[in-house]
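**Q** Take this structure, written in structure tokens, and hold onto it; I'll ask about it next.
Any read-out appearing in this document is the output of simple, stated calculations on the displayed coordinates, not a laboratory observation. What you see is a predicted model, and the numbers here were worked out from it, not measured in a lab. All Cβ positions, even for glycine, are placed from backbone atoms using ideal geometry, and neighbour counts span all protein chains on display.
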Amino acid sequence: MADRRFFKVAGPFTLADIAAIAGAEIARGDPGLPLCDVAPLATAAEGELSFLDNRAYLRDFSESRASACLVASQHVDHAPAGMALLVTPRPYLGYALAAHAFYPERSAETGVATGAHVHPTARLGEGTAVAAGAVVGAGAEIGARGRIDANAVVGPGVRLGDDCYVGAGASVRYCLAGHRVRLLAGARIGEDGFGYAPGEGRHVRVPQLGRVILGDDVEVGANVTIDRGAGPDTVIGDGCIIDNLVHIAHNVRIGRRCVIVAQVGISGSTTLGDNVVIGGQGGLAGHIKVGDGVRIGGKAAVLHDVPPGETVLGIPAVSRQQYWRQVIALRNLASKKGKDE
Amino acid sequence: MADRRFFKVAGPFTLADIAAIAGAEIARGDPGLPLCDVAPLATAAEGELSFLDNRAYLRDFSESRASACLVASQHVDHAPAGMALLVTPRPYLGYALAAHAFYPERSAETGVATGAHVHPTARLGEGTAVAAGAVVGAGAEIGARGRIDANAVVGPGVRLGDDCYVGAGASVRYCLAGHRVRLLAGARIGEDGFGYAPGEGRHVRVPQLGRVILGDDVEVGANVTIDRGAGPDTVIGDGCIIDNLVHIAHNVRIGRRCVIVAQVGISGSTTLGDNVVIGGQGGLAGHIKVGDGVRIGGKAAVLHDVPPGETVLGIPAVSRQQYWRQVIALRNLASKKGKDE
Amino acid sequence: MADRRFFKVAGPFTLADIAAIAGAEIARGDPGLPLCDVAPLATAAEGELSFLDNRAYLRDFSESRASACLVASQHVDHAPAGMALLVTPRPYLGYALAAHAFYPERSAETGVATGAHVHPTARLGEGTAVAAGAVVGAGAEIGARGRIDANAVVGPGVRLGDDCYVGAGASVRYCLAGHRVRLLAGARIGEDGFGYAPGEGRHVRVPQLGRVILGDDVEVGANVTIDRGAGPDTVIGDGCIIDNLVHIAHNVRIGRRCVIVAQVGISGSTTLGDNVVIGGQGGLAGHIKVGDGVRIGGKAAVLHDVPPGETVLGIPAVSRQQYWRQVIALRNLASKKGKDE
């Protein structure tokens, strides 16, 4: 049960409700069975819904006290007696959808809180809430049902679509964003790109005249930095998810539904296709092209273009096969040397 | 002498006062000798206290003009004539304690400053100060003698113990913290974990229903991110110290007194024992177990469980011995190749 | 053309004006030709100024519709007919200077905005603007024409020179800064260094009694952290440029005009000479000396002193020559192994 200090649960829902929400079929159990919460298998109690997605938890499943469980058909035989079963090929997705039903986004109070600073020329859509200490600049436009959290800053002229969220202390400038964009606390969108011309004994800053364009459903983690373009724009495609402390430099163009794990850095003017996945702390050189569906390992250093569909890792990055060959070859070499000496 | 613009010195203290505070013995000098400040050996002047902890500074020690010095017994012979000597096996610890006496935490003004926004249902302990621009949400509870610095955000329902500090622009949500917890500027505690279920052509966010639990005496550096749990909690044990720009993902559990240096990343659901040390820019994979007392080198990539007491480094991480063997083997191989060609 | 929602263009300027501003010579074209904006070669339209700095764009140059172009003398032959030509050995520098003329820093409104909190003992220079939600502490001194952006925090006693900028939500404490210093959004200057003395079963924090000293023309990226010194100061020399999410620990001393790319980490008490360049995600151990003009590769781990003028890369860092020999030797070894088995 989620801590009632922080989370307000909706429901209850019936087994049939959850089946519909989660896109699952009732394989066992009373469609009218009431379910009042979600919980992990190991801690779920009577009246709660759980899920089995990873075989590693088969034992927890067979011992779980959950009243109902989302599960793939091949695992139903391990269910304890009396547990209602909702069968789906994607139990984790089903769980995510059910959990959204139990825990809808809290409808913050709407309107401009005392202590918020909204410029008179800014426009707020219906149902949009601006919390204490938040600042919304001249000419900014925020769509319907937006939430600008405490001490966030929305710069002059910024446009956010409907259902957007700007977290505590985050800032967004020089940016046009789609719908359902979420910027978590401390994210920095639209700061100056790192562009300098070598001058006589000094670095001359080059005015950064582009923007940041965020597609629909883009999620940006805490303390992430996405710089605006130098002239062209920095573009993040629909449905990209970006973890905490990632850096994306000016002029980078990222396709749709990419997954960028924490502390990754992408250098200027590099382009990514759709569905690229980059593991934590990976780094990409500037001015390179990474194709659709490429997977880049954690900590990898990608210095050159990567064709669509490839998996690369290592420093510098090579194919997965080559990488593990190198790791093993070096391990063997070191052992042999150890013996020789 | 610390810059009086920023630091206010207490004292003076006598040599005997400092001996008691630092847990040291007077090996030489008048117990009534007045000491008015602390300073490094090389720049200390008359009336100031210094310390020798590292043999590399033996020469500075023997030439220092400090009036008194904290020193281990084996180094007293190198002291200049006339210097009062406080002997202790741990001079650096003694210095830390003495420096706290000379520079106690500034007692900020107490109460809620003009321009702070404290929800009427929030509760503040005795002597707690909330600075201009800070926001404290509904139902939050902050213990005694707390300091919430300018533009910090304490979310609804958050509970902080006594003597806690939340730095400028930091934010803390969905969190229960012990006593003497310090969150430096820009730290982001309790944001959404990075949890998504693969859906039909999109990533479906999984509601993150856990909390962040911080033990007593936890110190969190600037711009760190610690995500709340997905269902279980994210837990940081008593006395952990975490440097700047570290990322700690959802469901991570960290034992007591761990030391996590800057820019480390710890992936989801990984557990650490007590007294683990992780060097700067290290990375840990998800769902692994790191035992008590493990030491992980800077930049290491830890992909598997590490038994208690081991030291690992490298990418991927191996034992220290194996790591250096590999470095040397590769160096030799490259030199040989160079010669052959 | 930059988005008028965010950028206000100055001008127009004549070809002769731009030649003077950019330090270029008119090689072709009417000195009175009016120019109304800057743009990349590929998208420039009539009336716009562009530049050619990189041979890779020679084709764009020869097909560009820009009315005028900054170009090196050796490339003028590729210019399309009718394009006015401004010749200079450094076209990118010329572009930067011209772009500053077209897009001068927006003269924010001056004075203290409603909702800003400036302590009565703080002093603001002529023309300095403090935006909504910004907090300026007791005794702080900000020079002329400064801009303190929304929700930024300038701590007590801090001194900033003329023409300084503190970005949205950034914070600066215990700091003395020169002129023309820019701290982008979320930068954290002057937080506690990571200094602890091992005590009896706990880490005892060591009071950090130094400052951060920033030279003239220092630029600090978004969400960067620069800790104040432990006793000595942390010092960043004139003209250094620091990209996003960099960490600089206490007591570090950096010379002039260094270039530090995103996500670099520099450990405590390390010193850098002038004109050092560090690639993205590089890491430097503590207490080492890096000479003038050293170049450190992206992701490198520098564990020892580096003499002036050297280039090092790798983990651990070695000379460039040695690094590539190692990469190739390992690649060959892995291929051979693959064949042998």
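**Q** Considering only C-alpha atoms, what is the centroid distance from segment A:108-177 to segment A:1-74, in Å?
**A** Comparing the Cα centres of segment A:108-177 and segment A:1-74, I get a distance of 37 Å.
**Q** Can you find, among C:Thr88, C:Ala45, C:Ala66, the residue farthest towards the positive end of the dipole of segment C:13-102? Put +1 on the C-beta of Lys and Arg, -1 on that of Asp and Glu.
**A** C:Thr88
**Q** What residue among A:Ile189, A:Ile18, A:Leu214 has its Cα farthest toward the positive end of the dipole of chain A, where the charges are +1 on Lys, Arg and -1 on Asp, Glu, each on the Cβ?
**A** Farthest along the dipole direction, towards plus: A:Ile189.
**Q** Output the relative contact order of segment A:131-200, whole-number percent, from Cα pairs under 8 angstrom with separation of 6+ residues.
**A** Across segment A:131-200, relative contact order equals 25 percent.
**Q** Also, quick follow-up: Can you compute the modelled spin-label distance between B:Gln321 and C:Ala42, with each label point 7 Å from Cα toward Cβ, in nm?
**A** 5.6 nm
**Q** With label points built 7 Å along Cα→Cβ from the Cα atoms of A:Ala16 and C:Asp305, find their separation and express it in nm.
**A** 8.1 nm
**Q** Looking only at chain C, where both bridge partners belong to it, what percent of the DSSP beta bridges are antiparallel (to the nearest 5)?
**A** If we restrict to bridges inside chain C, about 15 percent are antiparallel.
**Q** Right, here's the next one. Name the most mobile residue of C:Gln74, C:Gln326, C:Gln208, meaning the one with the largest mean-square fluctuation, in a Gaussian network model of chain C with Cα contacts below 10 Å.
**A** C:Gln74
**Q** How much of the DSSP bridge set in the protein assembly as shown is antiparallel, in percent, rounded to the nearest 5?
**A** 15 percent
**Q** Moving on. Suppose every K and R has +1 on its Cβ and every D and E has -1 on its Cβ; what is the size of the dipole of segment C:67-148 about the Cα centre, in Debye to the nearest 20?
**A** Result for segment C:67-148 is approximately 80 debye, rounded to the nearest 20.
**Q** Can I ask one more? Kindly give Rg over Rh for segment A:98-158, based on alpha-carbon atoms, with the Kirkwood expression for the hydrodynamic radius.
**A** Rounded to two decimals, Rg over Rh is 1.05.
**Q** Assign unit charges at the C-beta atoms only (+1 for Lys and Arg, -1 for Asp and Glu), then state the dipole size of segment B:170-341 relative to its Cα centre in Debye, rounded to the nearest 20.
**A** Computed about the Cα centre, the dipole is about 440 debye.
**Q** Pop a pseudo-label 7 angstrom from the Cα along the beta-carbon direction at both C:Lys289 and A:Lys336 and give the gap in nm to one decimal.
**A** 4.1 nm
**Q** Would you mind giving the three semi-axes, in whole Å and largest first, of the ellipsoid equivalent to segment A:242-341 according to its Cα gyration tensor?
**A** Sorted largest first and rounded, they come to 30, 13, 11 Å.
**Q** Need one word for segment A:214-281: rounded, prolate or oblate. Basis is the Cα gyration tensor (sqrt eigenvalues a ≥ b ≥ c); a/c below 1.5 gives rounded, then a/b vs b/c decides.
**A** rounded
**Q** Let me ask another. Please give the direction-averaged projected area of the C-alpha convex hull for segment B:139-237, in square nanometres with one decimal.
**A** Projected over every direction and averaged, the Cα hull of segment B:139-237 covers 6.4 nm².
**Q** Next question, about the same structure. Considering only Cα-Cα distances, which of the following residue pairs are longer than 23 Å: B:Lys289/C:Lys299; A:Lys299/B:Lys336; B:Lys299/C:Lys289?
**A** In this structure, B:Lys289/C:Lys299; A:Lys299/B:Lys336 lie more than 23 Å apart at Cα.
**Q** Residues of C:146-155, mean number of Cβ from any other protein chain within 10 Å of their own Cβ, rounded to a whole number?
**A** 6
**Q** Based on Cβ point charges of +1 for Lys and Arg and -1 for Asp and Glu, what charge dipole magnitude is obtained for chain A about its Cα centre, in debye rounded to the nearest 20?
**A** The calculation lands at about 1040 debye.
**Q** Peptide C:321-331: average number of partner chain Cβ atoms within 10 Å per residue?
**A** Taking the mean over all residues of the peptide, I get 6.
**Q** Rounded, prolate or oblate: which one fits segment C:170-341, using the alpha carbon gyration tensor with axes a ≥ b ≥ c (rounded when a/c is under 1.5, else prolate when a/b beats b/c, else oblate)?
**A** Verdict is prolate for segment C:170-341.
**Q** D for chain B, whole µm²/s, Stokes-Einstein with Kirkwood Rh over alpha-carbon pairs at 25 °C and 0.890 mPa s: what number?
**A** Estimated via Stokes-Einstein, D reaches 107 µm²/s.
**Q** Round to the nearest 0.05 the FRET efficiency obtained for B:Thr121 and A:Ser73 when R0 = 56 Å and r is the Cβ-Cβ distance.
**A** After rounding to 0.05, the efficiency reads 0.70.
**Q** Once the principal axes of the Cα atoms of segment C:1-64 are found, what is the range along each, listed largest first in whole angstroms?
**A** Here the spans come out as 30, 28, 19 Å, largest first.
**Q** Let me ask something additional. Classify the protein assembly as shown as rounded, prolate or oblate from the Cα gyration tensor: take a ≥ b ≥ c as the square roots of its eigenvalues, call it rounded if a/c is under 1.5, otherwise prolate when a/b beats b/c and oblate if not.
**A** rounded
**Q** So for segment C:13-102, Kirkwood radius off the Cα pairs, Stokes-Einstein at 20 °C and 1.002 mPa s: how many µm² s⁻¹?
**A** Stokes-Einstein gives a translational diffusion coefficient of 176 µm²/s.
**Q** Can I ask one more? If amide hydrogens are placed 1.01 Å from N in the peptide plane, which non-local residues have theirs closer than 5 Å to the one on B:Ala187?
**A** B:Ala170, B:Ser171, B:Asn223, B:Val224
**Q** Considering only DSSP beta bridges with both partners in segment C:13-102, what is the antiparallel share in %, to the nearest 5?
**A** Here the antiparallel bridges make up roughly 35 percent for segment C:13-102.
**Q** I need the inter-copy label distances for B:Glu109: point set 7 Å along Cα to C-beta, values in nm with one decimal, smallest first.
**A** Relative to the other copies, B:Glu109 has label-point distances of 2.6, 2.6 nm.
**Q** So what is the relative contact order for segment A:13-102, in percent, with contacts set as C-alpha pairs under 8 Å and at least six apart?
**A** 31 percent
**Q** For chain B, what is the relative contact order in percent, using Cα pairs closer than 8 Å and at least 6 residues apart in sequence?
**A** 7 percent
**Q** Ok, one more. Report, as an integer, the average count of C-beta atoms from other chains found within 10 Å of each Cβ along B:312-318.
**A** Averaged over the peptide's residues, the number is 4.
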